[in-house]
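Asker: I have a structure here, written as structure tokens, and I will follow up with some questions on it.
What follows is calculated from the coordinates using simple rules that are stated; it is not laboratory data. Quantities reported herein were computed from a predicted structural model and do not represent experimental measurements. Cβ atoms come from the backbone with ideal geometry, glycine included; neighbour counts cover every protein chain shown.
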Amino acid sequence: MATAAVLKTLRARADQADTILATLRHQISALQTATALTAGRGEEQRLRTENEALRKEIEKARLSLMVAEIRNGEQPQSKPAAAQPQAKKAKKETGPPKEENKAAKEGKEESKGKGKKAAEAGSEEPEKMDVSRLDFRIGKIVAVEKHPDADTLYVETVDLGEEKTRTIVSGLVPHIPIEQMRDRLAVFMCNLKPSKMRGIASEGMIMCANAGKVEILVPPPGVVPGDCISFDGYSGTPDKQLNPKKKIWETLKPDIRTNSERVATYKGVPFKVEGKGIVKAPTLADAQIS
């Protein structure tokens with residue numbers, strides 16, 4: 001006959017088994033929710049299998065307790081556990097959650113868009129890089145004075161055929177007497193980005209030939225402020241303003257020179273004012289223009 005101590009131990013184990021079952025049911029319920037978003041049905045099935053094996057062991061322990069109670073002449077206090085209904089199947093997943101589907105779709109669209117842009121970029125023609133991007137015009141210096149804070153700089157007020165005059169700062173004090181600057185017609189580059197020179201913003205550049213000696217380029221007779229410089233074979237509209245990051249002027253500058261006859265040229269093509277003539281340097285041949 002089973003002793004009272006053995007029965008007590010078996011009952012304690014049965015109670016412990018009930019607690020374990022309740023914990024496992026809670027875990028299964030939580031897992032069913034979690035698997036819908038993360039783990040999937042494989043993990044749930046594994047826990048289901050483990051739970052079923054444990055349930056069978058607990059049922060076996062309960063039966064052993066009942067037999068012991070009967071043999072001891074006591075009314076059985078333990079009953080076989082009712083068959084536990086199988087945990088509800090996790091919601092059938094036919095694909096990733098809606099959020100994941102949306103993200104995947106957006107990623108696909110973004111990739112498609114990038115591919116399209118890359119294809120378009122590959123089909124674009126290279127950016128044009130020639131003298132037609134530079135805005136050279138005839139201007140007249142209507143006033144000039146020395147820069148108040150720089151001994152080598154002139155501050156010129158220039159009429160370029162626009163509604164307002166422009167201020168242009170030039171480092172010509174060591175090269176050109178101020179008397180030769182006043183009321184002078186010259187060629188100016190007009191689409192450089194304005195930059196401050198010792199606190200005064202310069203809105204363009206007077207074009208000169210430079211070969212150690214510096215000379216202001218001389219326009220043909222009959223020009224007026226606002227006349228444009230053109231180049232045969234290089235048609236196009238100049239940039240409204242040159243982008244300093246693209247270094248357009250720096251790229252084109254080496255090909256802008258006077259030729260052996262002192263004519264200002266770009267790759268040998270003269271600076272020309274349509275219907276009026278070509279631009280020259282007073283004496284400098286084969287000189288850089290800047």
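Asker: Are any of the pairs 164/196; 196/267; 196/247 more than 27 Å apart by Cα-Cα distance, and if so, which?
Answerer: With Cα atoms farther than 27 Å apart: 196/267.
Asker: Which distance in nm do the two modelled labels at residue 261 and residue 50 give, with both placed 7 Å along the Cα-to-Cβ direction?
Answerer: Calculated label separation equals 9.7 nm.
Asker: Let me ask something else about it. Assign unit charges at the C-beta atoms only (+1 for Lys and Arg, -1 for Asp and Glu), then state the dipole size of segment 171-290 relative to its Cα centre in Debye, rounded to the nearest 20.
Answerer: The dipole of segment 171-290 has a size of about 420 debye.
Asker: Classify segment 159-234 as rounded, prolate or oblate from the Cα gyration tensor: take a ≥ b ≥ c as the square roots of its eigenvalues, call it rounded if a/c is under 1.5, otherwise prolate when a/b beats b/c and oblate if not.
Answerer: Judged from the Cα gyration tensor, segment 159-234 comes out rounded (a/c under 1.5).
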